[in-house]
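Worksheet: one structure, shown below.
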Amino acid sequence: KAGVTQTPRYLIKTRGQQVTLSCSPISGHRSVSWYQQTPGQGLQFLFEYFSETQRNKGNFPGRFSGRQFSNSRSEMNVSTLELGDSALYLCASNLAGGYTGELFFGEGSRLTVL
Amino acid sequence: GENVEQHPSTLSVQEGDSAVIKCTYSDSASNYFPWYKQELGKRPQLIIDIRSNVGEKKDQRIAVTLNKTAKHFSLHITETQPEDSAVYFCAASSPSGSARQLTFGSGTQLTVLP
């Protein structure tokens, strides 16, 4: 079966702009989580969506938001971009959430903010 | 919330030697502890996990041990090979409101020298 697909893979934005990233989970998976990965900081949890509802949110400012559609596809949006938002954004899907099973990660969207 | 600390941040071993990566967690309610491997430029992938009702789990050359009393768990890789070179992340699943959240450590860059 197809894996987790993220688009776009690479993008460059300037400070103050906004960006929308997309994630298509594995078919049948209802949970989608988003993580920010920066060198030395590991994987920082952004939020988790399950059946179109945000179930959990990490410690990120309100400029970071997301949503999930009825087909489980998810988008995350970052408004008013700052230089520090440059990172690899990974999404991961999971059959039912709850974080007691394997997360399947996408290849990520690498965002560069100039 | 949960806090996961991972050590060391970098580790170099000779091919054939063993490697040990250690993690500590803060929330005694955490009950699931996965380890992910991320090769350069690739997505993180689950390599082994352990639940809180088990003290040790082994899969070929890799093993994970859990000490609930001390709140720490470790990854052991024996007979290391060059293809083991990667960044390894530990994680802990803890309660967060009505759901659970997976908190990752900051990662260990393992280099296996030929």
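Ligands, DNA and RNA aside, B:ASP59 has an accessible area near 80 Å² when probed at 1.4 Å.
The mean accessible area for residues of chain B, using a 1.4 Å probe and ignoring ligands and nucleic acids, is 49 Å² per residue. Report the B-A buried area as the accessible area lost on both sides summed, probe 1.4 Å, in Å² to the nearest 100. So the total buried area for this chain pair works out to about 1700 Å². Hey, in the GNM for chain A with a 10 angstrom Cα cutoff, which one of A:GLY62, A:GLY40, A:GLY28 fluctuates hardest? Sorting by GNM fluctuation, first place goes to A:GLY40. For GluC sites (Glu not before Pro), the sites in region B:1-37 that DSSP calls loop and that have at most 14 other Cβ atoms within 10 Å are B:GLU15. Measuring between alpha carbons in the structure, the pairs from A:LYS57/B:LYS57; B:LYS22/B:LYS42; A:LYS13/B:LYS42 lying more than 28 angstrom apart are A:LYS57/B:LYS57. Expressed as a whole percent, the accessible area of the protein assembly as shown that falls on carbon and sulfur atoms is 47 (1.4 Å probe).
Between A:GLU102 and A:THR80, the C-beta separation translates, for a Förster distance of 30 Å, into a calculated FRET efficiency of about 0.30. Working from Cα pairs under 8 Å separated by at least six residues, relative contact order for chain B is 36 percent. Per-residue shielding of A:36-42, expressed as the average number of other chain Cβ atoms within 10 Å of the residue Cβ, stands at 4.
Of the chymotrypsin sites (Phe, Trp or Tyr not before Pro) found in region B:1-79, not one falls in a DSSP loop while having at most 12 other beta-carbon atoms within 10 Å.
Take the Cα of A:LEU11, step 7 Å toward its Cβ, do the same at B:GLU5, and the gap between the two points is 3.8 nm.
Sites listed here are GluC sites (Glu not before Pro) in region B:31-114 whose DSSP assignment is loop and whose Cβ has at most 15 other Cβ atoms within 10 Å: B:GLU39, B:GLU79.
The values are calculated or read from the model by the stated rules, or taken from the named source; none is laboratory data. Source: prediction; values computed, not measured. Please note: Cβ atoms are built from the backbone with ideal geometry, for glycine as well, and neighbour counts cover all protein chains shown. We work out accessible area using only protein heavy atoms, side chains counted, and drop any ligands, DNA or RNA first. Shrake-Rupley method; radii C 1.70, N 1.55, O 1.52, S 1.80 Å.
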